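For reference, the structure discussed in these notes is given below.
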Amino acid sequence: MADLFRVGLLGHGTVGAAFATLLEDRADAVEAITGLRPELSGVLTRSRGDFEDIVERSDLIVEVMGGLDPARDYVLRAMAAGRHVVTANKQLLSTHGEELWAAAREHDVQLRFEAAVAGVVPVIRVLQESLAGAHVDRLHGIVNGTTNFILTQMAETGASYADALAEAQRLGYAEADPSDDVNGRDAAAKMAILARLAFNTPVHIDQVRYEGIEHLTADDMAYARDLGLGLKLIGTAERIDGGLSVRVHPAFLYGAHPLASVSGPFNAVTIESEAITEVTLSGPGAGGPQTASAVLGDVISAMIPPASTPPATDSLEIVTDVESGFYLHLEVADRPGVLAQIAQLLGLQGASVKSVVQKGLGENARLVMVVHPLLESRFFAAVDLIAGLDFIRAKPRAIRVIDEQFT
Ligand SMILES: NC(=O)c1ccc[n+]([C@@H]2O[C@H](COP(=O)([O-])OP(=O)(O)OC[C@H]3O[C@@H](n4cnc5c(N)ncnc54)[C@H](OP(=O)(O)O)[C@@H]3O)[C@@H](O)[C@H]2O)c1
């Protein structure tokens, strides 16, 4: 009879319940891999279980409660008691990561968190292990399945944002309160964690600029198709002038970009480095059984050899103004000289137009253009001036364009 490996479970919701089932189903396989038989030693919810008692009877704690409080306290106390911890909690790591990783090192225990970013896609392991020797220049990620599902629906069916969100809720891809998904904050937390690992620099969620998808229209999708563009909520972390920029916003991609074809609730992360060119990982970004599978992978890893998140070795300055290409949608009165005036205002800020589509006539005329990359501050200064022109009939809409292809 193999020795037991006792797993204490904090949280028994979507992920916790799926994990408890999976642990039992896969116990033989885990025993074959590790030589130890995993067993659930206790479960904590709001209505059952005692934290101290569970820690006492466990070799490892799985935290799938979510939130900051009391999760932070429980994770710290479990590690102080010498227990490994596996968590799926991106809010916690993007807010208190440095404190928690330091505690793991201090107490010589493992703190694993593969499920906290992109669900079952093994991007944490790849950054911590496979690409540990690579000098990463940039990451792009579709790290929120809810918003990717909504944008895919809008693009494929012409649905409005509100209808696509309702469909996502009906199918279980969006929660009743989808705020943190659709406003970009969930993706920002995940990008903070990825940036921390890829660039060895502490990144707090408050340092990640984010925009959501609530203001996007079916119209943007239709125009973008004519320009050969697809719309995604993209997280970016990249080195800029010796600093680091981490941000989340909707962005158009040309069809050849590796993230352009990632559709529905899938997640994907593209890692760029000179030596490796580009690596893209993709797969289901959420869901109880899927996330539970990533959690169990971490438990098995913790049962074998040690791994840790070393102290941050860099302290790159966080950059806030970056270069972007833009899609600009303008509702204009159709008069001679309109395009020339707009081009002049863009030109004064150093923006040059890459392509233009004009649709409609008279009071219904629309100009949609793609502008070559320039500093965002300069682009928005031009847009402010354009918005004040007397032939502009509605607030201009600007969305970033990521214009890269890999060969
Ligand atoms: N759902 C996904 O697809 C997914 C994917 C990736 C990562 N995650 C992450 O996984 C974690 C759990 O998500 P979930 O969807 O499984 O959440 P959930 O369904 O809301 O379940 C949360 C569980 O934690 C328990 N809990 C919450 N606060 C507690 C407290 N103060 N004391 C004791 N127990 C408490 C709840 O107890 P009660 O049952 O008593 O309320 C419930 O059992 C979160 O960090 C989330 O971000 C989720």
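Give me the compactness ratio for the range 270-407, meaning the Cα radius of gyration over 2.2 N^0.38 Å. Present the calculation step by step, with values, prior to reporting the outcome.
Working: Rg = 23.0 Å, N = 138, 2.2 N^0.38 = 14.3 Å.
With N residues counted in the range 270-407, Rg over 2.2 N^0.38 Å equals 1.61.
Placing unit charges on the Cβ atoms only, positive for Lys and Arg and negative for Asp and Glu, gives the range 78-237 a dipole magnitude near 560 debye about its Cα centre.
When a footprinting reagent is the concern and you count Cβ atoms within 10 Å, what order do Phe266, Phe199 take, fewest first? If you can, show how the numbers build up before the last one.
Details: Phe266 20, Phe199 25.
Result, fewest neighbours first: Phe266, Phe199.
Centroid-to-centroid, using Cα positions, the range 355-407 and the range 257-309 are 35 Å apart. Loop-resident chymotrypsin sites (Phe, Trp or Tyr not before Pro) (DSSP state other than H, G, I, E or B) in the range 321-407 with no more than 12 further Cβ atoms inside 10 Å of their Cβ: Phe406.
The magnitude of the dipole of the chain, with charges of +1 and -1 set on the Cβ of Lys/Arg and Asp/Glu and taken from the Cα centre, is near 600 debye.
Couplings 3J(HN,Hα) of the range 236-253, computed from phi: 10, 9, 8, 6, 9, 6, x, x, 9, 10, 10, 7, 9, 6, x, 8, 7, 10 Hz, in residue order, whole Hz [Karplus 6.51 cos²θ - 1.76 cosθ + 1.60, θ = phi - 60°; x for Gly and Pro].
Extension gain, Glu129 to Ser47, is 25.6 nm, computed as 0.36 nm per intervening residue step minus the present C-alpha separation. Distant-in-sequence amide contacts of Ser355, defined by a placed amide H-H separation under 5 Å and a gap of 5 or more residues or a different chain, comprise Val370. Karplus-based coupling profile of the range 274-280, in residue order and whole Hz: 4, 5, 9, 6, 7, 10, 10, with θ = phi - 60° in 6.51 cos²θ - 1.76 cosθ + 1.60 and x standing for Gly or Pro. When Leu374, Leu330 are sorted by how many other C-beta atoms sit within 10 angstrom of their C-beta, beginning with the fewest, the order is Leu374, Leu330.
In what sequence do Ser324, Ser377 fall when counting other Cβ within 10 Å, fewest first?
Details: Ser324 21, Ser377 11.
By the 10 Å Cβ count, ascending: Ser377, Ser324.
Computed across the range 323-402, the Kirkwood hydrodynamic radius from all distinct Cα-Cα pairs reaches 12.3 Å. Annotation: amide H-H contacts under 5 Å for Leu374 (H modelled 1.01 Å from N, sequence separation of 5 or more, or interchain): Ser324, Gly325.
For Gln110, the residues whose modelled amide H falls within less than 5 Å of its own, excluding neighbours fewer than 5 places apart on the same chain, are His84, Val85. Bridging of Lys232 to lysines at a Cα separation below 20 Å is possible for Lys190, once same-chain residues fewer than 8 apart are set aside.
For Val357 and Glu99, what does the FRET efficiency come to when R0 = 56 Å and r is the distance between their Cβ atoms, rounded to the nearest 0.05? Don't skip to the end; give the middle numbers.
Working: r = 50 Å, r/R0 = 0.90.
Working from the Cβ atoms, E equals 0.65.
For the range 124-284, the Cα-based Rg and Dmax, in that order, read 15.6, 45 Å.
Annotation: lysines with alpha-carbon distance below 21 angstrom to Lys359 (same-chain offsets under eight excluded): Lys395.
If a/c stays under 1.5 just call it rounded; otherwise compare a/b with b/c (prolate if a/b is bigger, oblate if not). Do that for the range 1-131, with a ≥ b ≥ c from the square roots of the Cα gyration tensor eigenvalues. Walk me through the intermediate numbers first.
On the way: a/c = 1.37, a/b = 1.13, b/c = 1.21.
Judged from the Cα gyration tensor, the range 1-131 comes out rounded (a/c under 1.5).
A quarter of the convex hull surface defined by the alpha-carbon atoms of the range 266-341 gives 11.5 nm² as the mean projection.
Hey, what number do you get for the chain at 222 nm if only DSSP H runs of n ≥ 4 count, each worth -39500 (n - 2.57), divided across all residues, to the nearest 500? Display every interim value, and only then the final one.
Working: 13 runs with 144 residues, N = 407.
-10500 deg cm²/dmol, from helical runs alone.
Modelled label positions at Ile33 and Asp226, each set 7 Å beyond Cα in the direction of Cβ, lie 5.2 nm from each other.
Simple rule: put +1 on each Lys or Arg Cβ and -1 on each Asp or Glu Cβ in the chain, find the dipole, and look at Ser160, Gly141, Leu93; the Cα lying farthest toward the positive end is Ser160. The alpha-carbon atoms of the chain define a convex hull whose volume equals 142 cubic angstrom per residue.
We did not get these values from a lab; they are worked out from the coordinates using the rules stated. Keep in mind it's a predicted model, so treat the numbers as computed, not measured. When we count neighbours, we look across all protein chains shown, and the Cβ atoms used for this are built from the backbone with ideal geometry, even at glycine.
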